Amino acid sequence: MTGTNYNRKLLLSTLVAAVGLTGEIPLVLAQGGGVLEEVIVTARKREESLQETPVAVTALNSDALRDAGVRNLAQLNQIAPNIEVSSANGTAPLANIYIRGVGQRNTGPNIDSGVGIYIDEVYVGRPDGALLDIYDIQSVQVLRGPQGTLFGKNTTGGALVFTTNRPTDEFEASLGGRVGNYGRADGNFMANLPLTDTLWTRLAGSTVNSDGYIKNVYDGKKYMNEDRQNVIWQTRYEPQETLTLDLNLNWAQTEQRMRPQKCVPVPGYKGWQAELFNIIAITPSTGRTVDDFCQDAADVGDANTVISDLGGHYKANNKGTSLIANWELSENISLKSISAWRYTKAEQDDELDHTGIPFLHRTQTVQPQGKPRETDQYSQEFQVTGNAVNNRLNYVAGVYWFNEKTKGETTVSFLGPYDPAFAGWLYLNAPSSNLDADNDAVATFAQLEWSWTEQWRTTLGLRYTEETRKLTRNRYQIVPDSLDANGGKVTPLFGSSGLYDREPGFVYNPLFEYSFQDQTRASNSDDATTPMASMQYLINNVEGIDAGTVYLTYSEGFLSGGLSEAPSGDLENFEPEEVTNWELGFKLDLLDSSLRVNGAFYYSDYKNRQLTSLVINPVTNSPAPATVNAAKSTIKGFELETVWFPIEPLQLMFNMTLNDGKIDEFIDNQITLGDASVPPAAGCSRADLTFIQVDSCPNDRSDENLPRLPEQTYFVAAEYTFDTSIGRVLPRIQFSYKSDVDYCFDSASCRSGMWLEGEQKDLSARVTWISTDEKWVGALYGNNLTDEDYIVGGSALVESEGVGGYAAATPTTYGVELQYKF
């Protein structure tokens, strides 16, 4: 083998470890070594070479994920450009995913994210349990930009496509484990069994466990622990060469003490809600204010030491099944059917004030009135793929149906009890509401690719989608006389102020009862036609370029509208989110295929971005969440990835992104303390909350940053391969850097700049060992080795609380992994 040929094969075999803007990983080295295989991806719902796909997609196979130390979906943050995966949006470990600055903070059943998650070709509707552990994975594909034609289910930002290893006709099995600091103790297994010549089955599972690294001074416990289990059982049946049936059964469970956040005061700002409850409850009962309690929490320990009286609990159960039938009707036409069901049950507690007092608690477990949310999801998709005209025409077409029903979610919002409160009375504010959602979607789609010449190709696509959403809300109120454990009479004061008078001998009953208050129902329907068009030029026989392609793509995306709970007490419509995107990409192999340079320029124009706000409900004179639309926003950027082999065993990687996103037009409502001596300003409405006045006024938020869109990101990595008498040793070091990521929420938190993280830095290292017979794989790893402290999320309700919470990065972690393959 010549040096040039060896270098080319080494480059192509190890590109699976590269993370690229356009996902160029054209070839991998098979386990036997020395055999080059083409990487096949499904970014366009048909199997094709990744290198020739005019789509911004990163594809990582199992070896690439292992070498980069990716064990969970959230760890894609470090290596994949322009993706933000966070479990720190609030306090629950939900899959809040942003691609190119597009995603969704709200996780309620009445709204969806702009980033779709697909597991073995099945769309995952709810984020509960979707922060996936990565094991027995064939590949992960990150599709950037709107995927409104083929992955059209609410994918204005992009899609994550997970493909597990399917059963094969050869026996194989493995056992693996990982131990590390913070009580890390993980395990996984896999067994692939050929039952007959045409029937094979595969069983894989994992358990993930750790003690947690956030110390809660209030109760002395560790939080952000992990306790997750997953099992996937697959069966493949091939009754004939042209027909394949894949049955997938999966189960997962998550239970943990959630992430309490670090409270931080905001100098110079008074929250209207804090001011109200200081007057009527907190100060009379404790002699202190919300700011005082927040300062206590801010002063204690480091960023991962908190004071939280609620703490938090999260539990999710997921199970599902899918049946995929793939029938080759002829050499040129295939028909696929994807039938699926997924069930999710989840419950959580949310500490929204991040202090040691019961100020703002939201729970589904502490009070018997709370109930978990349960979702049943059904979907059916038919696809036809094929080619014609001597393979010059490739096509994909299909129909899609989706139904999702969520029921039972009953939440209690606690504030109190405080006794004695104002004038010696009892104070307790604990409204309860139940949400049931019923969502339907149907779609048809088609995409054609025509090869004009060996170099020029054109792709045209179109999707029509229609979605209907129904939402039912039931509200409940406290039964006053159930508040006294001794059965005494309790009298509400000042309407729904939360103040109660009670008889002598009163003993608070934490298991008080609720009565039905009212029910509201509403529905809405939206439809959209989303086209795409792409022109591609394949570079051949150009001096200095070994292989390459240039493409220009126009695409549109659609995220259906829905129903918001506020502001009037009715369920009001919010508009669909729509996006148009232009992308100019290039993919180049240079220097005898030892250097790869991939890049993409993009421009996205959004209409009616769906954002979450807070308003006053004039019926109940209380705050209420609302989904609102930012009329116009734009995002433009440049993404670059390079991989270089300066010498045969050394691989160097460099990724970068430059983003410029802004909100061009966004008129929101802002709630502030009102001055009773003067009337409200023009355009404002005033609510009388008995003890204070609050004004709700139009607020122009057009100058704010887009959430979770870094201005710059950089990733560098170096990996060297040593061949020794005991096997291959691959030391690897990698460093990621992100600048100016904004995690603010309301207008006051965004103006404060306190949730704008200037720098996020992570230095990680790993040494992988693969035995000579490739049966043993071991590794030593360390993440965030310099123990950097930076913000990764938060709940900043500054306008109401006058304070906010933030979540900090995971501290230094390290450990050892070992796997044996039978």
Filtering segment 478-512 down to residues that are hydrophobic (A, V, I, L, M, F, W, C) and surrounded by fewer than 15 Cβ atoms within 10 Å (Cβ to Cβ) yields 479, 485, 494, 507, 511
Within segment 417-461, the count of residues that are within 30 Å of residue 495 (Cβ to Cβ) and of a type outside the set (S, T, N, Q) comes to 16
So, first residue under 30 Å from residue 470 (Cβ atoms) and open to solvent by less than 30 Å² (accessible area, probe 1.4 Å) in segment 405-423, second residue among the acidic types (Asp, Glu) and at pLDDT 95 or above, Cβ within less than 6 Å, six or more apart or across chains; the pairs are 408/374
So the strands (runs of 3 or more DSSP E) completely within segment 150-226 holding 2 or more residues that are closer than 30 Å to residue 307 by Cβ, of a type outside the set (D, E, K, R) and touching a residue at least 60 places away in the same chain (Cβ under 8 Å) are 214-216
Every listed condition ((1) crowded, with 22+ Cβ neighbours inside 10 Å; (2) modelled with pLDDT under 85; (3) under 27 Å from the mean Cα position of the chain (by Cα)) holds for residue 579 save (2)
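Tally up the residues in segment 749-768 that are of a type in the set (D, E, K, R) and open to solvent by 40 Å² or more (accessible area, probe 1.4 Å), please. Steps first, please.
Narrowing segment 749-768 to residues of a type in the set (D, E, K, R): 751, 757, 759, 761-762, 766.
Applying the additional criterion that residues be open to solvent by 40 Å² or more (accessible area, probe 1.4 Å) yields 751, 759, 761.
Residues in segment 749-768 being of a type in the set (D, E, K, R) and open to solvent by 40 Å² or more (accessible area, probe 1.4 Å): 3 in total.
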Exactly one of 106, 96 is modelled with pLDDT under 95, among the polar types (S, T, N, Q) and open to solvent by 20 Å² or more (accessible area, probe 1.4 Å), and that one is 106
Kindly indicate whether any position in segment 784-802 is in a strand (DSSP E or B) and within 26 Å of residue 63 (Cα to Cα). no
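In segment 667-676, which residue that is not in a loop (DSSP other than H, G, I, E, B) and not small (Gly, Ala, Ser) is surrounded by the fewest Cβ atoms within 10 Å (Cβ to Cβ)?
So the residue we want is 667.
Looking at this structure, is residue 679 in contact (Cβ under 8 Å) with a residue 24 or more places away in the chain, surrounded by fewer than 17 Cβ atoms within 10 Å (Cβ to Cβ) and in contact with a strand residue (DSSP E or B) (Cβ under 9 Å, 6 or more places away or on another chain)? Spell out the reasoning first.
Working: in contact (Cβ under 8 Å) with a residue 24 or more places away in the chain: no; surrounded by fewer than 17 Cβ atoms within 10 Å (Cβ to Cβ): yes; in contact with a strand residue (DSSP E or B) (Cβ under 9 Å, 6 or more places away or on another chain): yes.
In short, no.
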| Within segment 651-659, is there a residue that is farther than 27 Å from residue 271 by Cβ and not in a strand (DSSP E or B)? | no
field: Verdict on residue 641 being open to solvent by 70 Å² or more (accessible area, probe 1.4 Å), touching a Ser or Thr at 6+ places or on another chain (Cβ under 8 Å) and farther than 30 Å from residue 493 by Cα
entry: no
Taking first residues from segment 761-788 that are over 30 Å from residue 302 (Cβ atoms) and β-branched (Val, Ile, Thr) and second residues anywhere that are part of a loop (DSSP other than H, G, I, E, B) and open to solvent by 50 Å² or more (accessible area, probe 1.4 Å), the pairs with Cβ under 8 Å that are 6 or more apart or on different chains are 772/725; 772/726
Q) Hey, does segment 808-818 have a residue that's farther than 28 Å from residue 135 by Cα and open to solvent by less than 20 Å² (accessible area, probe 1.4 Å)? A) no
Here the residues within segment 215-237 that are among the hydrophobic types (A, V, I, L, M, F, W, C) and at pLDDT below 95 are 224
Expected output for segment 267-292 (first residue within 10 Å of residue 422 (Cα to Cα), partner open to solvent by 50 Å² or more (accessible area, probe 1.4 Å) and basic (Lys, Arg), Cβ below 9 Å, 6+ apart or cross-chain) is 278/288; 282/288
* To do: Please verify whether segment 713-731 includes one or more residues that are under 25 Å from the mean Cα position of the chain (by Cα), open to solvent by 40 Å² or more (accessible area, probe 1.4 Å) and of a type in the set (A, V, I, L, M, F, W, C).
  => yes
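For every residue, the table says whether it meets (1) surrounded by fewer than 22 Cβ atoms within 10 Å (Cβ to Cβ); (2) under 18 Å from the mean Cα position of the chain (by Cα); (3) under 30 Å from residue 226 (Cα atoms); (4) aromatic (Phe, Trp, Tyr).
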{"site": "149", "(1), (2), (3), (4)": "no, no, no, no"}
{"site": "161", "(1), (2), (3), (4)": "no, yes, yes, no"}
{"site": "164", "(1), (2), (3), (4)": "yes, no, yes, no"}
{"site": "181", "(1), (2), (3), (4)": "yes, no, yes, no"}
{"site": "188", "(1), (2), (3), (4)": "yes, no, yes, no"}
{"site": "197", "(1), (2), (3), (4)": "yes, no, no, no"}
{"site": "200", "(1), (2), (3), (4)": "yes, no, no, yes"}
Reported set for segment 431-458 where residues are part of a strand (DSSP E or B), open to solvent by 40 Å² or more (accessible area, probe 1.4 Å) and farther than 27 Å from residue 404 by Cα is 448, 450, 456, 457
Log entry, pairs with first residue in segment 800-817 being over 30 Å from residue 696 (Cβ atoms), second being among the hydroxyl-bearing types (Ser, Thr, Tyr) and in a strand (DSSP E or B), beta carbons closer than 9 Å, six or more apart or on different chains, reads 813/210; 813/781; 814/781; 815/781; 816/781; 817/768; 817/781
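Within segment 459-575, which strands (runs of 3 or more DSSP E) (wholly inside it) include 2 or more residues that are of a type in the set (Gly, Ala, Ser)?
By residue number, 514-539, 547-559, 562-564.
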Filtering segment 353-384 down to residues that are modelled with pLDDT of 90 or more, in a strand (DSSP E or B) and either aromatic (Phe, Trp, Tyr) or open to solvent by 30 Å² or more (accessible area, probe 1.4 Å) (or both) yields 371, 374, 376, 378, 380, 382, 384
Any residue in segment 317-340 that is over 27 Å from residue 149 (Cβ atoms) and surrounded by 20 or more Cβ atoms within 10 Å (Cβ to Cβ)? yes
Picked from segment 513-568 (must be within 25 Å of the chain's Cα centre (by Cα) and polar (S, T, N, Q)), the residue surrounded by the fewest Cβ atoms within 10 Å (Cβ to Cβ) is 555
Checked 140, 70 against criteria (outside any strand (DSSP E or B), at pLDDT 85 or above and surrounded by fewer than 24 Cβ atoms within 10 Å (Cβ to Cβ)); the one match is 70
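The values are calculated or read from the model by the stated rules, or taken from the named source; none is laboratory data. Predicted, not measured: the structure shown is a model, and the values here were computed from it. Don't worry about glycine lacking a Cβ; one is built from the backbone with ideal geometry, like all the others, and counts go over all protein chains shown. Accessible surface is based on the protein model in full, side chains and every heavy atom, while ligands, DNA and RNA are left aside. Shrake-Rupley method; radii C 1.70, N 1.55, O 1.52, S 1.80 Å.
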